[in-house]
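Shown next, in C-alpha cells, is the structure this report addresses.
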Amino acid sequence: MSLSLFLIQMLNGLQLGVLLFMLSAGLTLVFGIMNFVNLAHGSLYMMGAYFAAAAYARTDSFLLAALVGIVGSAALGFAIERIVAARLYARDHLDHVLATFGLILFFNELARTVWGASPYYMNVPQALSGTINLLGISYSAYRFAIIVVGLLVALGCYLLINKTRVGMLIRAGSSNPTIVAALGVNIKLLNAAIFALGAALAGVAGLMSGPILSVQPGMGEPILITAMIVIVIGGIGSVRGAFYSALIVGVIDTAGRAFLPMILREFLDRSTAQAAGPALASMLICIFMAAVLALKPQGLFPVKNQ
Amino acid sequence: MKLKLNNMVVVLGLAACSLAAQAQAVKIGFLGTLSGPAGALGQDQYDAFMLGVEHMGGKLGGATVQVIKEDDQLKPDLGVQMAQKLIEKDKVNIITGVTFSNVMMAVHKPITDAGVLLVGSNAGPTPLTGKGCSPMFFSTSWNNDSLHESMGQYANDAGYKKVYLLAPNYQAGKDAISGFKRFFKGQVLDEVYTQVNQPDYSAEIAQLQAAKPDAIYVFYPGGMGVNFVKQYQQAGLLGKVPLLSTSTVDGTTLPALKDIALGVVTGSPYSPDIDNPQNKKFVEDFKKKYNRSPSLYAAQSYDAAMLINAALAKTGGKADNKDALRAALKTAEFKSVAGPFKFNTNQFPIRNFYRVDVAKDASGQAAFVNKGVVLKDHADAYYKECAMK
C-alpha cells in the first residue's frame, strides 16, 4: 500500500470524524446537562438535510440552503424541546426513549409524506465539485470542505463554552444542574437554547452530508448509533470528549474498512478473509468502546465534579 | 318499532346486495413494501398494477376486480400476517406484488399452500426457481442471479480484463457477486463486501482506485446506490473507470441522482425506451398519471396485471376454479412491455436482459437509454432443478 493511499484514508477518517462530532456534540450536551436521552437527534439531522436539499433545489444557492438547513433544524429543535422534551425531564430514561423513538417514526413518515419515498436529489455545489491538491494527493474538494466546516464548528463550540457567559452556565449545568437552577438562572430558557444549539449542529451535519449521501427517510438512524458510541467513549456531557472521540472513531472506522481485510488476508485464506473482514471492521468501534468502558467507565474525557 | 323493522330490512337488503356484488368481483391482494426507505419500490409496483387495471377499464379479463393493498414494511413476519389476512379475511383469489426476497421466502409457502395463486412481480429468490418451485407461483420478473449474469456477460463483451467487485455483506450481495462471476471470464481483482446500509464509501473507493481495474461492478440497491454513485462521481472516477451495476441506479434512485449518474451502465430486464406499442402506451400514461418515469419494478407489475388479465379472459372472468385459473395463467398470452416473454417450466420468464445506460434523453434530462440486448431469451440457471416439467 502506498503512502498517498494511507493519507487519503486518514483524511477520509478525519472527515467522518468531524461529521460525527457535529452530531454528537448536541447529543452529549442534551444528555449531559438535561439528563435527557434524545433518540430523535438523528431525525434533526435528517430534517436538516431535507430542509437544505429542498431549499437548494428551489434557489440553486448553497448559501441559502445552508441558512435554511441550519435555522430550520434549530427552530425544529426548539419546538421539540418546548412541546415534548420539557414535559419529560422529570421522568425516567425509559420515557425519554419511548417518546423520542415515537418522534423518529413521526419524522420519518413526515419526510416520506412531504418529499416522497424515493431519495431526494442534492448535489455538491459547483464551486466544490472538483478535487484539490493536498501535498501531492488529490482529494475531493467537497470532503475537504466538510473537514474545514467541522473544525470551524469545533472551534466555535470551544469558544462558546469556554469563553462566554452562556458557556459558563453550560459547563456549570453539566456538572451540577440543581445548583445552577438554585442560583436563579432561567434554566428553562437555557435548556431550550442548548437543545436548539444541538439541533443546529445536527442540521449542519445534515446539510454537509446531503450532497454526498442519500437524503432519504430513516437516514438519521445508522449514524445516530455511531454518535451514541462517540459520546459514550468521550464521556457523557463533555463536548471536548465528543470531539476527540469522534475523530478517533472516524479514523478507526475508516481504517478498519480499508485495511482490515488486507491485513486479514495475510493470515487467512482469501474467502475467509473476505467474510471476516467486513464483519470485524463493523465491530471495530464497538470493541473499542468496550475496551474504553472497561478501563475508564466514565469515558475518556469525563466531565469533572460529577 | 315498525320504523326500526323497516330499517332492518333496508340494511339487510343492502348487505345482501353488496355481498352479491362482491361475490362477482375477482379479489386480488397486493402485498408489497410500501413504507420505509424502500417504500418507493412497492409504490411503483402498486401504481403500475393499478394503471394496468385502469387500462382495462377497471376490469381484468372482463371481470370486475377489487385490489386490496397491504404493506409488509419489509418485515417477513409482518408479510406473513398480511398474507394470512388477505387469504382468510379478504378471501382473495390471487396475490401479486412482493418486493423483497426475504419477504418472498416467508410468504410464498403460506400463500401457495392455502391454494391462492401468487403472481410475483419483483422478488425472485433462487430457491423458488429451483427445488422450491411451486405450481401456484408465477413470476413476471426474474431469478435474482440473472441480472448479475447479464452484467458479467456485458463485461466480457466490452473486453474488460480486470474487474473490481463491491456489494453489501448479506445474501443478496453474495448472490450478486456469484451471479456476475458465473458469466465473467476475466480476472477479478478483488471482491469487497460492505456493511448493509453503509452510508459512506470513501474508504472503499480509495482502495479500488488504487487497484486500477478496467471496470467495476457494484450491486447497491436503494439509498446505498445513491450514496455509492454520488461518492464515486465526486471522486472523479465516473467516466474514467466504467461503473457497471444492477439494481443500483434504477427508476426509484435516478431522480435522486440525475446528472450525477450520467455514464453508469446497468443490466436491466427493462428500459422505458424499449420500442413496442404496449410499452409506449404504458410509459406515456404512467408519466401522465404519476408524474415520473416507470421503473423496472413498475413494468413487471404492469406485466403482472396484463398476465392476470389474459388469464381471466381465458376463464371467462371466473377465479373460483383454481386449477382452471392456474392453467390459464400458465398458457396466457400477453404482450410484455419489456419485449419477448414466455414462461419456463418453473414458471419464471425466459426474457431479454438489456444494457441500459444513464444518458441524456431528447429533453436533456438524465434518463435510461437502452443500448441493446446483452442476454437474449435468457433462462435462469436453476430451472432444471424444478420438479415441474
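Readers should treat all values here as calculations from the given coordinates under stated rules, not as data from a laboratory. Please read all numbers here as calculations on a predicted model, not as lab measurements. Using ideal geometry, Cβ is built from the backbone for each residue, glycine included, and neighbour counts are taken over all protein chains shown.
If I take R0 = 30 Å and measure r between the Cβ atoms of A:Arg265 and A:Leu135 in this structure, what FRET efficiency does the formula 1/(1 + (r/R0)^6) give, to the nearest 0.05?
Working: r = 29 Å, r/R0 = 0.98.
Taking R0 as 30 Å, the efficiency between A:Arg265 and A:Leu135 is 0.55.
If Lys and Arg each add +1 and Asp and Glu each add -1, what is the summed charge of the other residues whose beta carbon sits under 14 Å from the beta carbon of A:Val185?
Working: positive: A:Arg165, A:Arg171, A:Lys188; negative: none.
Within the 14 Å Cβ shell, the charges total +3.
Within 10 Å of each candidate Cβ there may be at most 13 other Cβ atoms; applying that plus a DSSP loop requirement, which trypsin sites (Lys or Arg not before Pro) in segment B:56-161 survive?
B:Lys91, B:Lys131, B:Lys161
If you count the DSSP beta bridges with both ends in the protein assembly as shown, what percent of them are antiparallel, to the nearest 5?
Just about 40 percent of them are antiparallel.
Quick one: if the Förster radius is 56 Å, what FRET efficiency do B:Leu262 and B:Lys330 give, using the C-beta to C-beta distance and rounding to 0.05?
Details: r = 42 Å, r/R0 = 0.75.
Calculated value: 0.85.
Calculated from DSSP H runs of 4 or more alone, at -39500 (n - 2.57) each and per residue, what is the 222 nm mean residue ellipticity of chain B, nearest 500? Please report the intermediate quantities before stating the final value.
Details: 13 runs with 162 residues, N = 389.
Result for chain B, helices only: -13000 deg cm²/dmol.
Provide the net charge surrounding B:Leu312, with neighbours chosen by a C-beta distance below 10 Å and charges set as Lys +1, Arg +1, Asp -1, Glu -1. Before the final figure, lay out the partial values.
Values: positive: B:Lys59, B:Lys314, B:Lys318; negative: none.
Neighbour charge sum, excluding B:Leu312 itself: +3.
If you count, for every residue in B:203-213, the Cβ atoms of partner chains within 10 Å of its Cβ, what is the mean?
Numbers: counts 13, 6, 3, 11, 9, 0, 2, 7, 0, 0, 0.
Mean shielding by partner chains, rounded to a whole number: 5.
From Cα pairs below 8 angstrom and at least 6 apart in sequence, can you work out the relative contact order of chain B, rounded to a whole percent? Each step should come with its number before you reach the end.
On the way: 814 pairs, mean separation 70.4, N = 389.
With pairs under 8 Å counted, the relative contact order is 18 percent.
When only C-alpha pairs under 8 Å and at least 6 residues apart count, what is the relative contact order of segment A:124-215, in percent?
17 percent
With a length cut of 15 Å (Cα positions projected on each helix's long axis) and a Kyte-Doolittle mean of at least -1.0, go through chain B and give me the DSSP H helices that pass.
B:2-24, B:39-55, B:101-113, B:171-183, B:223-234, B:296-314
Sorting A:Ser61, B:Ser268, B:Ser35, A:Ser2 on the 10 Å Cβ count, fewest up front, what's the list?
Values: A:Ser61 13, B:Ser268 27, B:Ser35 17, A:Ser2 8.
The most exposed by this proxy come first: A:Ser2, A:Ser61, B:Ser35, B:Ser268.
So between A:Thr272 and A:Asp60, what do we pick up on full extension, going 0.36 nm a residue minus the alpha carbon distance?
On the way: separation 212, 0.36 × 212 = 76.32 nm, distance 4.82 nm.
So the extension gain works out to 71.5 nm.
Other chains near B:191-199: what is the mean number of their Cβ atoms within 10 Å of each residue's Cβ?
The mean count of partner-chain Cβ atoms within 10 Å per residue comes to 5.
Which of B:Asn309, B:Asn197, B:Asn321 moves the most in a Gaussian network model of chain B with Cα springs under 10 Å?
So, out of B:Asn309, B:Asn197, B:Asn321, the one fluctuating most is B:Asn321.
Going 7 Å from the Cα of A:Val84 in the Cα-to-Cβ direction, what parts of segment A:9-46 have a backbone nitrogen less than 12 Å from that spot?
Residues A:37-45 fall inside that zone.
What average count of beta carbons from other chains do you get within 10 Å of the Cβ of residues in B:251-264?
Details: counts 1, 4, 4, 3, 5, 11, 4, 2, 2, 5, 0, 0, 0, 0.
Taking the mean over all residues of the peptide, I get 3.
Just grab the label-to-label distance for A:Ala127 and B:Val196, each label 7 Å out from Cα along the Cβ direction, in nm (one decimal).
4.2 nm
Please report the spacing between the Cα centers of segment A:184-202 and segment B:110-174 in Å, no decimals.
Measuring centre to centre over Cα atoms gives 52 Å.
So what is the calculated 222 nm ellipticity per residue for chain A, using -39500 (n - 2.57) for each DSSP H run with n of 4 or more, over all residues, to the nearest 500 deg cm²/dmol? Intermediate values should be presented prior to the final figure.
Values: 11 runs with 229 residues, N = 306.
Value at 222 nm, helices only, nearest 500: -26000 deg cm²/dmol.
Out of B:Asp113, B:Asp145, B:Asp303, any idea which swings most in a Gaussian network model of chain B, alpha carbons joined below 10 Å?
Fluctuation is largest for B:Asp113.
Once both labels are modelled 7 Å past Cα along the beta-carbon direction, what's the B:Ala158-A:Ile225 spacing in nm?
About 3.3 nm separates the two model spin labels.
List the lysines whose alpha-carbon lies under 18 Å from that of B:Lys75, not counting same-chain residues fewer than 8 positions away?
B:Lys85, B:Lys109
For segment A:214-306, which trypsin sites (Lys or Arg not before Pro) are both in a DSSP coil and crowded by at most 15 other Cβ atoms within 10 Å?
Working: sites: A:Arg240, A:Arg257, A:Arg265, A:Arg270, A:Lys304; in loops: A:Lys304.
The qualifying sites are A:Lys304.
Output the relative contact order of segment B:20-109, whole-number percent, from Cα pairs under 8 angstrom with separation of 6+ residues. Before the final figure, lay out the partial values.
Values: 138 pairs, mean separation 38.0, N = 90.
Relative contact order here is 42 percent.
Identify the chymotrypsin sites (Phe, Trp or Tyr not before Pro) of segment A:140-176 meeting these criteria: DSSP loop state and at most 16 other C-beta atoms within 10 Å of the C-beta. Before the final figure, lay out the partial values.
Numbers: sites: A:Tyr142, A:Phe144, A:Tyr158; in loops: none.
Answer in residue order: no site qualifies.
Quick check: net charge around B:Phe348, other residues with Cβ under 15 Å of its Cβ, Lys/Arg +1 and Asp/Glu -1? Display every interim value, and only then the final one.
Details: positive: B:Lys131, B:Lys330, B:Lys342, B:Arg351, B:Lys384, B:Lys389; negative: B:Asp145, B:Glu149, B:Asp303, B:Asp377, B:Asp380, B:Glu385.
Here the count lands on 0.
Can you pull the one-decimal nm distance between simple spin-label points at B:Asp273 and A:Leu152, each 7 Å off the Cα toward Cβ?
4.2 nm
Report the residues of segment B:89-127 in range of a label on B:Ala25: point 7 Å along Cα→C-beta, backbone N strictly under 17 Å from it.
Within reach of a label on B:Ala25: B:89-96.
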